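Okay, so here's the structure we're looking at.
The values are calculated or read from the model by the stated rules, or taken from the named source; none is laboratory data. Predicted model, so just to flag it, every value in this text is computed and none were measured. Cβ: placed from backbone, ideal geometry, glycine included. Neighbour counts: every protein chain shown. Accessible surface areas use protein heavy atoms only, side chains included; no ligands, DNA or RNA. Shrake-Rupley method; radii C 1.70, N 1.55, O 1.52, S 1.80 Å.
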Amino acid sequence: MTSQGIDTPQPSRSNNLVVHGNNDDVVRLLGERLQAKVQCLVIDPSYNTSRGKRSVDSWKANLRAVLSATAGMVKPSGAVFIHADDRKLAQVKTLAEEIFGAENFLNMVILKTSDPSGLRSSNALPFNQTEYLLIFAKDRKQFTYFPQYVRAEYDPCYRNVVINPSDPVSAWKVESFPRYMANRLGYRSVRAARAELGVMFEKKLADYALENPDAVFQSTRVNDRAGAEIQKLAKKSQKRPKEVFHLARDQARDVFLRGGRQMTFYSNKVRSLNGEDTPTKMLTNLWTDIPFHGVGYEGEARFSGGKKPERLLQRVLAMCSAPGDMVLDPYGGSGTTAAVAEKLDRRWVIIEQDRKLIEQVIVPRLTRVINGQDSTGLDRLIETKQGGSFERLCLKAGELEGQGLVLADA
């Protein structure tokens with residue numbers, strides 16, 4: 001089969017499926033095959049712009065049917081991510097709590113989706129620039145969250161530096177980090193360095209800290225819940241405040257103490273994000289770092305129905321799943337969930353009722369991903385998986401017709 005000049009991979013009894021049909025019918029037919037196999041369920045219902053009661057009721061009934069039918073597909077350790085705007089947020093949350101249980105509600109993420117510009121900023125009411133992501137666990141007690149981090153600015157609280165970190169700990173010499181950097185740059189004082197360099201001096205500090213994360217540190221109070229060995233060593237270091245005391249540990253970071261306080265090194269903040277070492281901070285439920293503008297080019301997939309950035313789906317999948325896990329999206333749209341799942345080596349199933357959208361957008365997009373021909377989205381940030389396959393099924397006469405269906409456990 002050829003679509004827009006792209007050769008579609010021949011089916012190989014893949015776990016990955018593009019299914020054409022009404023999602024509420026398809027999920028019921030897939031129920032047995034996918035029972036307790038989905039680790040991540042992504043729900044991004046189409047926007048209902050009509051205010052008519054019949055239209056609203058139909059939209060709500062469809063969402064209820066999809067949520068009800070997919071609930072049994074989610075693994076006990078799995079998670080559900082439901083996208084909503086401000087008009088439907090309350091209804092969506094109520095429905096989800098009825099089906100998944102209010103006790104399994106984990107969080108509501110606020111997404112910054114746009115910025116006011118041009119004529120749009122002259123609205124009589126405050127400009128709406130946010131949407132929401134509701135997160136539910138199938139079973140809160142069995143759900144495992146994989147911690148996520150975002151980029152952070154240099155933290156000036158890291159005010160100290162070990163100037164000879166390659167020497168034995170007993171010989172370490174500690175100085176004020178700003179003063180050390182000022183002298184290193186040829187200035188007699190921090191004031192002189194800041195007066196001449198301005199913000200560049202802070203950049204010099206940030207660059208040095210990133211290059212030497214095991215030398216730059218801040219002094220922090222020893223936690224009251226710290227182990228007995230740490231508490232004992234802290235008291236010892238209080239009596240010899242100029243020395244550095246070291247406690248080696250097998251299952252955790254080594255502990256360094258000076259003057260009764262813990263030396264917290266900058267390396268605690270530095271992590272690799274998309275292959276680049278950078279200072280980080282813990283992810284919160286306010287996501288402003290993933291741009292929604294300019295996503296039209298991603299996957300070379302034209303779609304005007306609320307297309308999501310690949311980075312958003314990357315974060316969603318990273319929060320709750322691992323390579324080989326199953327991802328289900330009953331509202332396929334432009335195929336973003338499937339594209340990201342494929343790039344991150346997850347198994348996936350998406351459902352879309354618009355045949356034209358499948359043939360002209362989804363299949364060509366996924367084919368480019370599998371053939372290594374997609375240089376957009378995540379491929380601009382990380383090295384993604386290539387190869388693989390997918391199959392197409394179609395809902396006809398109440399049955400799913402296609403090349404066959406194999407959905408084995410991971």
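In the set (1) surrounded by 15 or more Cβ atoms within 10 Å (Cβ to Cβ); (2) assigned to a loop (DSSP other than H, G, I, E, B), Glu131 fails one condition alone, (2). The residue list Lys60, Lys37 contains one member that is of a type in the set (D, E, K, R) and at pLDDT 95 or above, which is Lys37.
Arg380 meets all of the listed conditions (1) over 22 Å from Leu29 (Cβ atoms); (2) touching a Ser or Thr at 6+ places or on another chain (Cβ under 6 Å); (3) open to solvent by 20 Å² or more (accessible area, probe 1.4 Å) but one, namely (2). Scanning segment 59-76 for residues that are open to solvent by less than 30 Å² (accessible area, probe 1.4 Å) and under 21 Å from the mean Cα position of the chain (by Cα) turns up at least one hit.
Filtering segment 237-260 to residues that are charged (D, E, K, R), open to solvent by 100 Å² or more (accessible area, probe 1.4 Å) and either touching a strand residue (DSSP E or B) at 6+ places or on another chain (Cβ under 7 Å) or more than 19 Å from Pro168 (Cβ to Cβ) (or both) leaves Lys239, Asp250. The set of residues in segment 261-276 being more than 15 Å from the chain's Cα centre (by Cα) and surrounded by 13 or more Cβ atoms within 10 Å (Cβ to Cβ) consists of Arg261, Gln262, Met263, Thr264, Phe265, Tyr266, Ser267, Asn268, Lys269, Val270.
Val162 meets each of the listed conditions (1) open to solvent by 30 Å² or more (accessible area, probe 1.4 Å); (2) modelled with pLDDT of 95 or more apart from (1).
Checked against the criterion of being within 18 Å of Gly78 (Cα to Cα), assigned to a strand (DSSP E or B), at pLDDT 90 or above and of a type outside the set (Val, Ile, Thr), the candidates Phe136, Phe143 yield just one match: Phe136.
Taking the criterion of being touching a Lys or Arg at 6+ places or on another chain (Cβ under 8 Å) and buried (at least 17 other Cβ atoms within 10 Å of the Cβ), the residues of segment 83-98 that qualify are His83, Ala84, Leu95.
Only one of Leu247, Leu328 is out of contact with any Gly (no Cβ under 8 Å at 6 or more places or on another chain) and under 30 Å from Gly72 (Cβ atoms); which? Unique residue meeting the criteria: Leu328. When Phe136, Phe146, Phe177 are screened for being among the aromatic types (Phe, Trp, Tyr) and open to solvent by 60 Å² or more (accessible area, probe 1.4 Å), only Phe146 passes.
Restricting attention to segment 149-159 and to residues that are of a type outside the set (Phe, Trp, Tyr) and closer than 22 Å to Met263 by Cα, the residue that is least open to solvent (accessible area, probe 1.4 Å) turns out to be Ala152.
Take the conditions surrounded by 19 or more Cβ atoms within 10 Å (Cβ to Cβ), touching a residue at least 12 places away in the same chain (Cβ under 8 Å) and more than 13 Å from the chain's Cα centre (by Cα) and apply them to Pro279. Does it pass?
For Pro279, the condition - surrounded by 19 or more Cβ atoms within 10 Å (Cβ to Cβ), touching a residue at least 12 places away in the same chain (Cβ under 8 Å) and more than 13 Å from the chain's Cα centre (by Cα) - is met.
In this structure, Ser55 does not satisfy being closer than 29 Å to Trp287 by Cβ, open to solvent by 10 Å² or more (accessible area, probe 1.4 Å) and small (Gly, Ala, Ser). Looking across segment 342-357, the residues that are part of a helix (DSSP H, G or I), surrounded by fewer than 23 Cβ atoms within 10 Å (Cβ to Cβ) and touching a residue at least 12 places away in the same chain (Cβ under 8 Å) come down to Arg355, Leu357. Determine if segment 187-209 includes at least one residue that is in contact (Cβ under 8 Å) with a residue 12 or more places away in the chain, part of a loop (DSSP other than H, G, I, E, B) and over 28 Å from the mean Cα position of the chain (by Cα). Scanning segment 187-209, I find no residue that is in contact (Cβ under 8 Å) with a residue 12 or more places away in the chain, part of a loop (DSSP other than H, G, I, E, B) and over 28 Å from the mean Cα position of the chain (by Cα), so the answer is no. Of Val199, Val162, Val150, Val169, all but one fail to be closer than 27 Å to Val42 by Cα and among the aliphatic types (A, V, I, L, M); the exception is Val150. On the stretch given as segment 293-303, residues that are open to solvent by 30 Å² or more (accessible area, probe 1.4 Å) and within 25 Å of Ile110 (Cα to Cα) total 5.
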